[in-house]
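K.L.:
Attaching a single structure in structure tokens format; questions to follow.
The values are calculated or read from the model by the stated rules, or taken from the named source; none is laboratory data. Bear in mind that the values here come from a model prediction, so they are computed numbers and not experimental data. All Cβ positions, glycine included, derive from the backbone under ideal geometry; neighbour counts span all protein chains shown. Ligands, DNA and RNA are stripped out before the accessible areas are found, and what is left, the full protein with its side chains, is counted by its heavy atoms. Shrake-Rupley method; radii C 1.70, N 1.55, O 1.52, S 1.80 Å.
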Amino acid sequence: MTKRLTWSGWGLAALLSAGVAIFSYRYLPRIGPLSPAILQNAFHRPWLDVHIAGAATALFVGPLQFLPWLRARSRRLHRWLGRTYVVGCLAGGVGGFIMAFGSTAGPVATAGFASLAVIWIIANVQGWRLAMARRFDEHRAWMIRSFAMTFAAVTLRLYLPLIPLFGVSFVDGYRAISFLAWIPNLILAELYIRGAFAVRSRLLSADV
């Protein structure tokens with residue numbers, strides 16, 4: 001039952017990630033419905049393209065890295081997907097950080113999205129560095145944190161339709177979402193990491 005729920009959760013996260021990634025790519029050729037607020041960002045040229053190309057690719061690739069059989073049977077593919085993911089996150093983070101300062105929602109939204117970008121970049125640099133050092137347990141922990149922030153692209157879009165339910169203006173709701181889109185994700189990731197490491201420690205102690 002637990003395994004079935006885990007796979008169901010992964011499938012839903014992967015489906016949402018792929019859907020948001022594919023829908024976000026429309027900004028590169030500027031086709032389809034485009035948000036006026038995003039296009040009015042003072043730094044959207046060229047940083048929107050950098051952010052979308054990197055973040056959408058990371059969102060598309062990220063869920064595959066959580067498949068145990070892929071890591072076990074094709075380490076080379078796992079490494080190349082990992083490199084693609086990290087480069088995408090770094091590009092998305094740099095583009096997002098710069099665009100945060102051109103947000104039409106004001107300084108609160110700037111603080112929220114700029115903080116996300118900085119922590120996202122740090123998580124990926126840490127994850128890459130630890131993989132190169134072959135400290136794989138710590139590497140996995142940092143990449144879980146990384147994807148929690150990559151997934152903010154999904155949670156942001158899940159929150160947006162809820163703004164009218166709280167009786168606040170769209171701008172005020174968007175300012176709150178600039179933090180809510182990623183802080184709860186990061187908290188849940190940290191709880192999972194700590195729980196997983198606690199279980200691993202008990203198993204190692206039992207073996208001894």
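K.L.:
For the structure I just gave you, tell me whether Trp69 is part of a helix (DSSP H, G or I), at pLDDT below 95 and of a type in the set (Phe, Trp, Tyr).
P.N.:
yes
K.L.:
Mind counting the residues in region 37-50 that are open to solvent by 40 Å² or more (accessible area, probe 1.4 Å) and either touching a Phe, Trp or Tyr at 6+ places or on another chain (Cβ under 8 Å) or closer than 21 Å to Val171 by Cβ (or both)?
P.N.:
Final tally of qualifying residues: 7.
K.L.:
Out of everything in region 15-36 that is of a type in the set (A, V, I, L, M, F, W, C), assigned to a helix (DSSP H, G or I) and in contact (Cβ under 8 Å) with a residue 24 or more places away in the chain, what residue ends up being most open to solvent (accessible area, probe 1.4 Å)?
P.N.:
Per the criteria, the residue is Ile22.
K.L.:
Checking Gly82 against (1) open to solvent by less than 70 Å² (accessible area, probe 1.4 Å); (2) modelled with pLDDT of 95 or more; (3) under 21 Å from Tyr159 (Cβ atoms): exactly one of these is not met. Which one?
P.N.:
(3)
K.L.:
Kindly indicate whether any position in region 165-187 is under 17 Å from the mean Cα position of the chain (by Cα), open to solvent by less than 50 Å² (accessible area, probe 1.4 Å) and over 24 Å from Trp10 (Cα atoms).
P.N.:
yes
K.L.:
I've got another one for you. Go through region 124-180 and report how many residues are more than 21 Å from Phe97 (Cβ to Cβ), among the charged types (D, E, K, R) and not in a loop (DSSP other than H, G, I, E, B).
P.N.:
Qualifying residue count, region 124-180: 4.
K.L.:
Just wondering, is there one or more residues in region 91-114 that are under 22 Å from Trp142 (Cβ atoms), in a helix (DSSP H, G or I) and of a type in the set (Ser, Thr, Tyr)?
P.N.:
no
K.L.:
Given the criterion among the charged types (D, E, K, R) and under 17 Å from the mean Cα position of the chain (by Cα), identify the matching residue among Arg71, Arg76, Arg45, Arg83.
P.N.:
Arg83
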